[in-house]
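Structure record follows, encoded as structure tokens.
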Ligand SMILES: [Zn+2]
């Protein structure tokens, strides 16, 4: 099966009360790992690509070609969406042209008026091509803006303004943070999530910063309408730890242990394991 928009898989998730994972990809090993895990778990999946990762993988066209080649090579049967993460206005258009099946336009740093205007344009451009669109309201906390402790929280009325533009899914800050959570983190603002769900109706909601949120809190968020959860840092941490362990055990010095296919194997397997654990937690196993 080729790439699909994220729309149907998220509407189904919203209706049936589970969440689809977005796992960010960085290279060939990452794509292999996420696709292998999702197929094994019979789970729909969203591959996330930041603009920086797109550049690293030598452009959006390379990413599309690599992912499509692998869908074919592995005979992937579960629905797979290729999604731009935190895209700029120009980046979103470039990804749609390169063959992505889903984009996020992140206008959260603009005024709400400008965010509405630009989101509307992307929605129109994407809808004509059958591409799903994620929009964002307010900003989600993270080290890039130096916010620690609470994380950003969105205004439910602004969420409604963006939700009404015909976007497929909506990301809204509810105290979540990108990267590792600080020790003094206050937890997700489930009260705010509830208000957002009340005004946004059946719109699938997106939780960014999925690394390190306690499992029960993740489940509570899913029960309140979160249908897509982004995981990035956690896969990077387990990949690095497994690679470190391999080298510290001097395995690269034994036989052909220096072969990149051997050197990167433990990290890749660690990503597979983490993706499978997340799919289990999010409830999307056997939902393909
Ligand atoms: Zn994010």
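Tabulated data
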{"read-out": "Residue count for the range 217-261, restricted to those that are more than 16 Å from the ligand (Cβ to nearest atom), in contact (Cβ under 8 Å) with a residue 12 or more places away in the chain and assigned to a loop (DSSP other than H, G, I, E, B)", "value": "2"}
{"read-out": "Residue that is part of a strand (DSSP E or B) and within 21 Å of residue 270 (Cα to Cα), where the choices are 103, 34, 49, 67", "value": "49"}
{"read-out": "Of residues in the range 128-149 being at pLDDT 85 or above and in contact with a strand residue (DSSP E or B) (Cβ under 8 Å, 6 or more places away or on another chain), the one nearest to the ligand (Cβ to nearest atom)", "value": "136"}
{"read-out": "Number of the exception - residue 72 against (1) modelled with pLDDT under 95; (2) assigned to a helix (DSSP H, G or I)", "value": "(1)"}
{"read-out": "Of all residues in the range 150-185 being over 13 Å from residue 201 (Cβ atoms) and assigned to a strand (DSSP E or B), the one that is farthest from the ligand (Cβ to nearest atom)", "value": "153"}
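Yes/no per residue for (1) modelled with pLDDT of 95 or more; (2) closer than 20 Å to residue 16 by Cβ; (3) crowded, with 18+ Cβ neighbours inside 10 Å:
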position	(1), (2), (3)
180	no, no, no
184	no, no, no
187	no, no, no
208	no, no, yes
221	yes, yes, yes
248	yes, no, no
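Each row is one residue, and each column tells you yes or no for (1) surrounded by 23 or more Cβ atoms within 10 Å (Cβ to Cβ); (2) over 29 Å from residue 261 (Cβ atoms); (3) away from the ligand (no atom under 16 Å from the Cβ).
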{"residue": "25", "(1), (2), (3)": "yes, no, no"}
{"residue": "39", "(1), (2), (3)": "no, no, yes"}
{"residue": "43", "(1), (2), (3)": "yes, no, yes"}
{"residue": "109", "(1), (2), (3)": "no, yes, no"}
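The values are calculated or read from the model by the stated rules, or taken from the named source; none is laboratory data. For clarity, every value in this text was computed on a predicted model and none was experimentally measured. A quick note on method: Cβ atoms are made from the backbone with ideal geometry, for glycine too, and the neighbour counts reach across all protein chains shown.
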